[in-house]
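Written out below as structure tokens is the structure these notes cover.
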Amino acid sequence: MIQSVAFIGLGAMGYRMAAHLPKHFEQVLVWNRNFAKAKQHAAMYGTQAVSLQDAVQADVIFSCLPTSADVEQLLADLQLKSGSIWVDCTSGVPESAKKLAQQLKKDGVYFLDAPVSGQTIGAEKGTLTVMIGGDAAAFQKALPAIQAFGGLIKHVGESGAGFAVKAVNNMLMAVNLCAVAEGFTTLKAHGVELSEALDCINASSGKSMVTETIFPQRVLTREFPVTFALPLLAKDTGIALDLAREAKLATPVLATARNMIQAANASSDNVVDFSSAVKMYESWSKITLE
Ligand code: NDP
């Protein structure tokens, strides 16, 4: 039985994910580096804003930070409670999950890598896909808490497997984002009306999440709302390519997509949305995708 849950990292995703927990658990502790956000969360959703050391005394502790390095740094100085389960929803590095799982096990604490997919809208609705690596019994114990914000929830293997699935997923999206940007600059260069082309493609075999939502809602509208920062996608493509390289695989398409996303990121400031990567193609071709 889970008596208390905690959420650490109330960013674009965490803030919304943690909002579901009080509907299912009496004691929900929250902590954020900028503590004003934790206080605001408590006022809005009935969670309790507490110190980091108090938050990690919960039975199930969620974290959702930008990178595995941030999680490792945070964990370095913490005293955890034996029997607790740390569920890390960061899109992180598989090697780091393996290391942390081993390290925490010495104190009787389980570490699950549990990244999520579904964007801020999925976090808000509580319909995120959650891909989980780590101890199967710990996964079963933590499941009722994960269900608070999860739609499809899958245990995909040992420690690191969840992070690996997430990195490959985001790499596939990046490949598609680059391909759609190239395809649509080609169409515009030939005088095709892009929103009509999009309708055709979305009823044909070339459709994808990028053509169904990202292009019509973010690119053609020129809105590019910042919900998933481009540096985070650049990080994910790097993780996926490292995995392929560790396995000594030839993955030229993935390598190209990683290079394109990292180049787009290098040419933007930190706060742009991942969809803004298409602007790199626009600047090369002098064609605006509208
Ligand atoms: P944000 O940048 O919006 O939020 C990051 C959170 O981490 C903030 O609460 C921030 O605190 C905190 N934080 C950052 N660095 C540290 C640190 N060194 N120590 C402690 N806290 C820190 O990121 P997102 O919520 O967008 O993303 C979080 C994770 O989820 C990433 O790994 C991302 O790849 C993944 N993800 C994001 C999706 C999205 O659509 N945004 C979708 C799916 C996964 P503070 O408020 O103080 O800055």
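The values are calculated or read from the model by the stated rules, or taken from the named source; none is laboratory data. This is a predicted model, so every value here is computed, not measured. So basically every Cβ, Gly included, is an ideal-geometry build from the backbone, and we count neighbours across all protein chains shown.
Numbers at a glance
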item: Selection from region 231-290 of residues that are over 16 Å from MET173 (Cα atoms), in contact with an Asp or Glu (Cβ under 9 Å, 6 or more places away or on another chain) and of a type outside the set (Ser, Thr, Tyr); result: ASP242, GLU246, LEU289
item: Conditions (1) outside any strand (DSSP E or B); (2) under 27 Å from GLU212 (Cα atoms): number failed by LYS154; result: (1)
item: Every pair of residues 6+ apart whose Cβ atoms lie under 9 Å, when the first sits in region 233-246 and is in the same structural domain as ASN265 (by TED's automatic domain parsing) while the second is outside any helix (DSSP H, G or I) and more than 12 Å from the ligand (Cβ to nearest atom); result: ALA240/THR251; LEU241/THR251; LEU243/LEU249; ALA244/ALA250; ALA244/THR251; ARG245/THR251
item: Evaluation of LEU65 against (1) under 30 Å from ASN169 (Cα atoms); (2) in contact (Cβ under 8 Å) with a residue 24 or more places away in the chain; (3) out of contact with any helix residue (DSSP H, G or I) (no Cβ under 6 Å at 6 or more places or on another chain); (4) near the ligand (Cβ under 9 Å from one of its atoms) (one fails), failing number; result: (3)
item: Residue tally, condition touching a strand residue (DSSP E or B) at 6+ places or on another chain (Cβ under 6 Å) and either part of a loop (DSSP other than H, G, I, E, B) or not small (Gly, Ala, Ser) (or both), over region 116-126; result: 2
item: Criterion violated by THR227 - all others in (1) touching a helix residue (DSSP H, G or I) at 6+ places or on another chain (Cβ under 6 Å); (2) of a type in the set (S, T, N, Q); (3) part of a helix (DSSP H, G or I); (4) surrounded by fewer than 19 Cβ atoms within 10 Å (Cβ to Cβ) satisfied; result: (3)
item: Failed item in (1) buried (at least 21 other Cβ atoms within 10 Å of the Cβ); (2) within 16 Å of the ligand (Cβ to nearest atom), with LEU254 passing the rest; result: (2)
item: Whichever residue in region 101-133 is in contact with a Leu (Cβ under 6 Å, 6 or more places away or on another chain) and under 18 Å from VAL168 (Cβ atoms) and, among such residues, is nearest to the ligand (Cβ to nearest atom); result: VAL116
item: Filter result for SER51 (under 23 Å from GLN3 (Cα atoms), touching a residue at least 40 places away in the same chain (Cβ under 8 Å) and of a type in the set (S, T, N, Q)); result: no
item: Complete set of residues in region 17-31 that are touching a Leu at 6+ places or on another chain (Cβ under 9 Å) and under 22 Å from GLN119 (Cβ atoms); result: MET17, ALA18, VAL30
item: Region 204-223: number of residues that are under 21 Å from the mean Cα position of the chain (by Cα) and either crowded, with 19+ Cβ neighbours inside 10 Å or among the β-branched types (Val, Ile, Thr) (or both); result: 7
item: Number of the condition not met by GLY191 [criteria: (1) more than 14 Å from the ligand (Cβ to nearest atom); (2) not in a loop (DSSP other than H, G, I, E, B)]; result: (2)
item: Near pairs, Cβ below 7 angstrom, 6+ apart or cross-chain, from region 1-25 (at positive phi) to any residue that is within 9 Å of the ligand (Cβ to nearest atom) and not in a helix (DSSP H, G or I); result: GLY9/ASN32; GLY9/SER63; GLY9/CYS64; GLY9/LEU65
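This table checks each residue for (1) closer than 19 Å to GLY134 by Cα; (2) β-branched (Val, Ile, Thr); (3) within 12 Å of the ligand (Cβ to nearest atom).
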residue	(1), (2), (3)
ILE2	yes, yes, no
ILE8	no, yes, yes
LYS37	no, no, yes
VAL50	no, yes, no
ALA55	no, no, yes
ALA69	yes, no, yes
GLN73	no, no, yes
